[in-house]
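Okay, so here's the structure we're looking at.
The values are calculated or read from the model by the stated rules, or taken from the named source; none is laboratory data. Predicted, not measured: the structure shown is a model, and the values here were computed from it. Neighbour counts are summed over all protein chains in view; Cβ atoms, including those assigned to glycine, are modelled from backbone coordinates with ideal geometry. Just so you know, the surface numbers come from the protein's heavy atoms only, side chains and all, with ligands and any DNA or RNA stripped out. Shrake-Rupley method; radii C 1.70, N 1.55, O 1.52, S 1.80 Å.
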Amino acid sequence: MTTIKDIFFQNNNDGVVLSTFSSNYSTNDIKLSMENYLNILQHENLTGKRIGLLIPHVFSYLSLVLAINELGGTIVPLSSQFRKEDLTAVLESLDPHYVFTVNDVDGFSFSEIFENWAENSGENSKVFSTVDYTNWELKQFSGSNKPLQEEEMDFICCSSGSTGVPKGIVVSAETLQFSLEFIMKVNNMQPKDRVFLNAPPNSVFGICALLSGIYSNAQIVFPDRYDLPGIVNLLEEKNCNKILSTPSIFKSIYQVANVLKPQVLKNLEIVSLTGEMMTDGFVDQFVTMDNCEFIGMYGSSEIGGAMYCNLRKKIEFTVDEAIQFKVIDNELLLKSPAAFSHYYQNSELTKEAFDSDGWFLTGDLVRQTNSNKISIIGRKKDMIKKGGQQVIPGEIERVLMKHQQVKQVVVFGVPHEVFGEQIVAYVVMNNNENHQELYGYCQKQIAGYKVPDYIEEVTEIPLVQGKIDKLTLRNMFIQRIEGGKSHEK
Amino acid sequence: MSFDQVAKYIADISHVPIENIKENSRFQDDLGIDSLQLVNLFIQLSEVTGVGFNHFLLAEDLKTVGGIYHAIAKGESHDNN
């Protein structure tokens with residue numbers, strides 16, 4: 001078996017490959033930390049077992065990823081933005097044998113959620129928890145043995161599913177390598193680059209981008225807390241010359257940097273953006289960055305990096321030479337060496353993701369230009385992209401419907417100046433209950449970025465020709481906002 | 001603009017219960033408002049108060065409600081002169 005270490009540790013460079021707000025790390029530091037975790041796990045047999053990682057400290061996270069992969073375990077990266085409802089759904093769906101977790105984040109106790117879940121599962125499981133990432137406390141839970149996986153899986157990455165059951169996207173180290181090389185090629189990453197990265201480390205893109213420092217000897221600068229003035233200081237301190245981010249987050253960085261430290265923007269040679277739809281002229285707002293190259297990248301956790309474009313021109317994507325594409329009924333279909341293998345224990349969903357000839361159905365509606373380039377015109381799948389994060393309306397609808405005072409709900413996305421898109425929920429309440437408490441309810445149940453920005457109480461969900469037509473509802477809502485009739489968040 | 005008015009705006013924009021918004025409340029740690037939401041909050045506060053966006057970012061204390069309240073007061077005084 002080829003491990004991540006075999007693929008990505010190509011050299012013994014002692015230069016810094018990862019920087020955070022508080023520390024700098026070389027490849028050797030990461031190797032030493034990995035060896036420390038190999039020691040902690042020396043008596044554990046991880047083969048065929050799933051190991052959940054909820055580790056916001058990115059150095060410890062990366063070291064654990066490498067150690068678990070060395071020992072043949074399957075890594076299940078978990079987001080520290082999860083809250084009770086979405087985290088529990090992932091645990092029930094992916095059922096890890098082991099969990100490594102930080103005790104709490106912002107007062108929310110993850111170890112308590114994991115321990116309660118393990119206790120109630122009635123199965124053998126182990127939860128390692130930490131406060132300082134140095135000392136780990138192990139709690140063992142007894143019961144029946146969970147079945148082992150027969151198939152080798154390096155990663156199962158979580159994504160929201162439209163049915164409420166999270167999707168486990170199974171990817172191998174080899175497919176990560178392809179996506180990583182795509183990121184390096186498109187952004188011309190060189191050993192001396194200082195690349196600011198803003199991506200969730202639990203996503204396929206985030207894992208690839210973090211590993212790209214080790215692979216290429218570039219210095220990845222990763223903010224381990226989301227603090228915009230702090231980020232601007234970090235860009236200055238590390239003298240970053242490239243940025244990988246989402247359009248909405250870069251726009252906010254630009255607004256803050258332009259006031260606090262305009263020079264950090266002038267140092268940038270490449271800004272590479274992904275995760276949200278952009279329109280022609282998007283980069284015109286960055287008026288102080290005339291000499292910077294702006295690149296758009298297109299990809300997904302399922303298919304990896306696939307296309308890129310020059311955002312200073314008309315937005316038309318070039319498909320990477322290693323990837324095959326075709327357009328059927330305006331939908332983009334791809335075949336890629338970076339494609340995932342399947343959705344974990346969900347053959348039906350896997351079957352739906354591909355056509356009968358093995359083409360991945362992206363769900364993106366596109367137009368193919370005469371020069372074989374691709375313009376994205378919309379989405380076939382019902383998905384909101386807020387701040388670069390994907391939100392499935394069905395998941396939010398299900399959470400709101402679990403509230404005892406909610407009778408009916410519909411959730412959709414509308415454009416937003418800062419977030420790219422924002423989330424709107426129309427709710428019908430039982431007994432004229434006040435809907436304002438639903439904001440607090442959602443904040444306790446789901447990740448912050450999934451909490452609706454507007455929850456509007458209505459007496460009935462408007463139907464268009466007998467069914468809920470989200471496109472019409474969306475347009476109605478936008479007109480109301482523009483008319484100033486709605487209460488602005 | 002009084003502190004209560006600023007707190008009311010913050011509550012309306014961010015959906016945090018107004019009784020939780022104190023002068024020493026920290027946006028991220030106490031109110032759960034992350035940095036991207038904070039930029040959105042500043043843009044909207046700038047619109048409703050008429051105080052330039054720059055005044056928010058140049059505040060001595062960006063992390064607390066009180067810091068932003070003082071930035072608005074300073075901005076109003078600056079813009080009126």
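Could you say which residue among A:245, A:272 is open to solvent by less than 10 Å² (accessible area, probe 1.4 Å), within 14 Å of another protein chain (Cβ to nearest Cβ), within 30 Å of residue A:3 (Cα to Cα) and of a type in the set (Ser, Thr, Tyr)?
Going through A:245, A:272 in turn, the sole match is A:245.
Grab the strands (runs of 3 or more DSSP E) fully contained in the range A:338-391, keeping just those with 2 or more residues being open to solvent by less than 20 Å² (accessible area, probe 1.4 Å).
Where strands (runs of 3 or more DSSP E) fall fully within the range A:338-391 and carry at least 2 residues being open to solvent by less than 20 Å² (accessible area, probe 1.4 Å), they are A:360-368, A:374-379, A:384-386.
Does residue A:64 count as under 22 Å from residue A:132 (Cβ atoms), in a strand (DSSP E or B), touching a Leu at 6+ places or on another chain (Cβ under 9 Å) and among the hydrophobic types (A, V, I, L, M, F, W, C)?
The answer is no for residue A:64.
Can you pull out every residue in the range A:392-408 that is in a helix (DSSP H, G or I) and open to solvent by 20 Å² or more (accessible area, probe 1.4 Å)?
A:395, A:397, A:398, A:401
Quick one: in the range A:200-222, of everything that is open to solvent by less than 10 Å² (accessible area, probe 1.4 Å) and outside any helix (DSSP H, G or I), which residue is farthest from residue A:77 (Cα to Cα)?
Only one residue fits best here, namely A:218.
Among (1) of a type in the set (Gly, Ala, Ser); (2) touching a strand residue (DSSP E or B) at 6+ places or on another chain (Cβ under 9 Å); (3) touching a residue at least 24 places away in the same chain (Cβ under 8 Å); (4) within 18 Å of residue A:178 (Cβ to Cβ), which single condition is residue A:363 missing?
(4) is the only condition that residue A:363 fails.
Report, ordered by the first and then the second residue, all pairs with beta carbons closer than 7 Å, sequence separation of six or more or different chains, a first member in the range A:83-96 that is of a type in the set (S, T, N, Q), and a second member that is in a loop (DSSP other than H, G, I, E, B) and open to solvent by less than 30 Å² (accessible area, probe 1.4 Å).
A:93/A:166
Within the range B:35-57, is even one residue facing chain A (nearest Cβ under 7 Å), at negative phi and part of a loop (DSSP other than H, G, I, E, B)?
no
Could you identify the single residue in B:30, B:12 that is within 14 Å of another protein chain (Cβ to nearest Cβ), free of Cβ contacts under 8 Å to residues at least 12 places away in the same chain, out of contact with any Asp or Glu (no Cβ under 7 Å at 6 or more places or on another chain) and outside any helix (DSSP H, G or I)?
B:30
Can you find a residue in the range B:69-77 that is within 26 Å of residue A:423 (Cβ to Cβ), buried (at least 16 other Cβ atoms within 10 Å of the Cβ), within 14 Å of chain A (Cβ to nearest Cβ) and modelled with pLDDT of 90 or more?
No, the range B:69-77 contains no residue that is within 26 Å of residue A:423 (Cβ to Cβ), buried (at least 16 other Cβ atoms within 10 Å of the Cβ), within 14 Å of chain A (Cβ to nearest Cβ) and modelled with pLDDT of 90 or more.
Considering the range A:430-452 alone, what residues qualify as being touching a residue at least 60 places away in the same chain (Cβ under 8 Å) and either open to solvent by 30 Å² or more (accessible area, probe 1.4 Å) or of a type in the set (D, E, K, R) (or both)?
A:443, A:444, A:445, A:448, A:449, A:450, listed by residue number.
Taking the criterion of being among the aromatic types (Phe, Trp, Tyr) and within 18 Å of the chain's Cα centre (by Cα), would at least one residue in the range A:442-450 satisfy it?
Yes.
Could you grab me the full set of residues in the range A:414-427 that are open to solvent by 10 Å² or more (accessible area, probe 1.4 Å) and not small (Gly, Ala, Ser)?
Residues satisfying the conditions are A:415, A:416, A:417, A:421, A:422.
Of the numbered conditions (1) part of a strand (DSSP E or B); (2) within 14 Å of chain B (Cβ to nearest Cβ); (3) under 23 Å from residue A:79 (Cα atoms); (4) open to solvent by less than 10 Å² (accessible area, probe 1.4 Å), residue A:411 satisfies every one except a single condition; which is it?
In the conditions (1) part of a strand (DSSP E or B); (2) within 14 Å of chain B (Cβ to nearest Cβ); (3) under 23 Å from residue A:79 (Cα atoms); (4) open to solvent by less than 10 Å² (accessible area, probe 1.4 Å), residue A:411 misses (2) alone.
Which of the numbered conditions does residue A:434 fail, given that it passes all the others? Conditions: (1) within 14 Å of chain B (Cβ to nearest Cβ); (2) polar (S, T, N, Q); (3) assigned to a helix (DSSP H, G or I).
(3)
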